[in-house]
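The values are calculated or read from the model by the stated rules, or taken from the named source; none is laboratory data. None of these values were measured; they are calculated from a predicted model. Cβ: placed from backbone, ideal geometry, glycine included. Neighbour counts: every protein chain shown.
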Amino acid sequence: MTLPGERRSRTLLALIGLGILNHTVLAGSRVAVSLYALSQGASPFVVGSLLGLYSFLPMWLAIGAGRLSDRIGVRRPMVVGSCGIALGAALPWMFPGLIALFFTTALIGLAFMLFQVAAQNVTGALGPLEDRARNFGLLALGYSVSGFSGPLVAGVLIDHASFEATFVTFALLPLVPAVVLGRGGLALPQPHTVHTQATAGGVAAFFRNRHMRRVFIVNALLSMAWDLHTFFIPIYGARLGLSASVIGIILASFAAATFVVRLVIPWIARRFSELEVLTTALFVAGGAYALFPLVASVGPLLALSFTLGLALGSGQPMVMSLLHSMAPAGRMGEAVGVRMSIINASTFAVPLLFGAIGSSVGIGPVFWLVGGALAGGGFFARRR
């Protein structure tokens, strides 16, 4: 059920703030774990394995986490998730060395998934249908902020303090959401009563619904495009002879674009339907990927990366809005869990799959293959 109107805005803003704190740890720990592992003599394969663990458990357990938030409500999963993030971040400080990092990445990835599934579940209940795209856009905007701040905090603390200070700081941040939520300081909607007929068919029932199936397919394409940019731009930039700082700027232009587009999501949502936005995003992203192999200078690469960020950054709020509109009563958390499983499967598999293809045939064909898939997704999304 929804909250009274006067409490929705306060609850949403507080939820975004708490999410920023937890996501700052997730984003920053990726940098801290990678650099700490390298300082311990880890190979690139070990570092890649550590980063893969962020997604491995959520890939399998996100659906169960969604069902849990439907059944018992969102408060306890968010409290447990916040505590798990804090514990995961503290492990390298309590047990210095490489081994603890494997537990850190697995625990932070799992705990953040538990928090995020519940947070996305409740966001859709904080207003009427016409406000959902705006609300999910604001939630995504918060994650854009923490996507900037997490790596920045990690880098500054590592350079000017120590790895230990970095992990301690990250362990303290999630305690704020844990305390606020644990003490009942945030008004949250109560769970729906889930009836047997509402849950009949399990996850397969979602995919038998052609509208939800279309949304999940579009979500998978957008997630693939996002992960491929993160993975291949550093490789492509290095092959072009670009410095690490220039490659970082190109990646930052993508992140900046996601922030910019999410600022105007409320305006976009009032003028265009979710599927119109998603269709446009797929076509624009497909065009950007088709052009990447044809440019070799910094300016065009910055422009293409920024354009891709605008397209992909607009997608997540629209997918969430559609899912909340289509999911049966009492099963929104489960639908979010399915989406989360798809995202984590992409994060885990895309570097392996396209890395192998790129090693065999080169990076250019990979970009063109993905661009074609995105354009095909655009035609698929616009079908009535």
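Selection within region 242-290: residues that are surrounded by fewer than 20 Cβ atoms within 10 Å (Cβ to Cβ) and of a type in the set (D, E, K, R). The member of this set that is nearest to Pro365 (Cα to Cα) is Glu276. Looking at region 29-52, can you tell me whether even one residue there is charged (D, E, K, R), in contact (Cβ under 8 Å) with a residue 40 or more places away in the chain and part of a helix (DSSP H, G or I)? Within region 29-52 (the criterion being charged (D, E, K, R), in contact (Cβ under 8 Å) with a residue 40 or more places away in the chain and part of a helix (DSSP H, G or I)), the answer is yes, since at least one residue qualifies. Tell me the residue from Leu68, Leu57, Leu101 that is under 16 Å from the mean Cα position of the chain (by Cα) and assigned by TED's automatic domain parsing to the domain that holds Pro174, please. Step by step, each of Leu68, Leu57, Leu101 is checked, and only Leu57 is under 16 Å from the mean Cα position of the chain (by Cα) and assigned by TED's automatic domain parsing to the domain that holds Pro174. Please work out if Phe367 is assigned to a helix (DSSP H, G or I), more than 23 Å from the chain's Cα centre (by Cα) and more than 19 Å from Ala65 (Cα to Cα). Taking the combined requirement at face value, the residue does not satisfy it. When Gly150, Gly142, Gly155 are screened for being part of a helix (DSSP H, G or I), in the same structural domain as Ala86 (by TED's automatic domain parsing), within 22 Å of the chain's Cα centre (by Cα) and surrounded by 23 or more Cβ atoms within 10 Å (Cβ to Cβ), only Gly150 passes.
Name every residue in region 304-318 that is surrounded by fewer than 24 Cβ atoms within 10 Å (Cβ to Cβ) and touching a residue at least 40 places away in the same chain (Cβ under 8 Å), in order of residue number. Selection gives Ser305, Phe306, Thr307, Leu310. For region 112-120, the criterion of being over 23 Å from Ser346 (Cα atoms) and either of a type in the set (Val, Ile, Thr) or surrounded by fewer than 22 Cβ atoms within 10 Å (Cβ to Cβ) (or both) is met by none of the residues. Considering only region 295-310, I want to know if a residue exists there that is touching a His at 6+ places or on another chain (Cβ under 9 Å) and not hydroxyl-bearing (Ser, Thr, Tyr). Yes: one or more hits. Criterion first (on the phi > 0 side of the Ramachandran plot and either assigned by TED's automatic domain parsing to the domain that holds Val74 or not small (Gly, Ala, Ser) (or both)) does Gly88 satisfy it? It is false that Gly88 is on the phi > 0 side of the Ramachandran plot and either assigned by TED's automatic domain parsing to the domain that holds Val74 or not small (Gly, Ala, Ser) (or both). Of the residues Phe167, Phe148, the single one that is among the aromatic types (Phe, Trp, Tyr), more than 26 Å from Ile265 (Cβ to Cβ) and in contact with a Phe, Trp or Tyr (Cβ under 9 Å, 6 or more places away or on another chain) is Phe167. No other residue among Ala349, Ala329 is part of a helix (DSSP H, G or I) and aliphatic (A, V, I, L, M) apart from Ala349.
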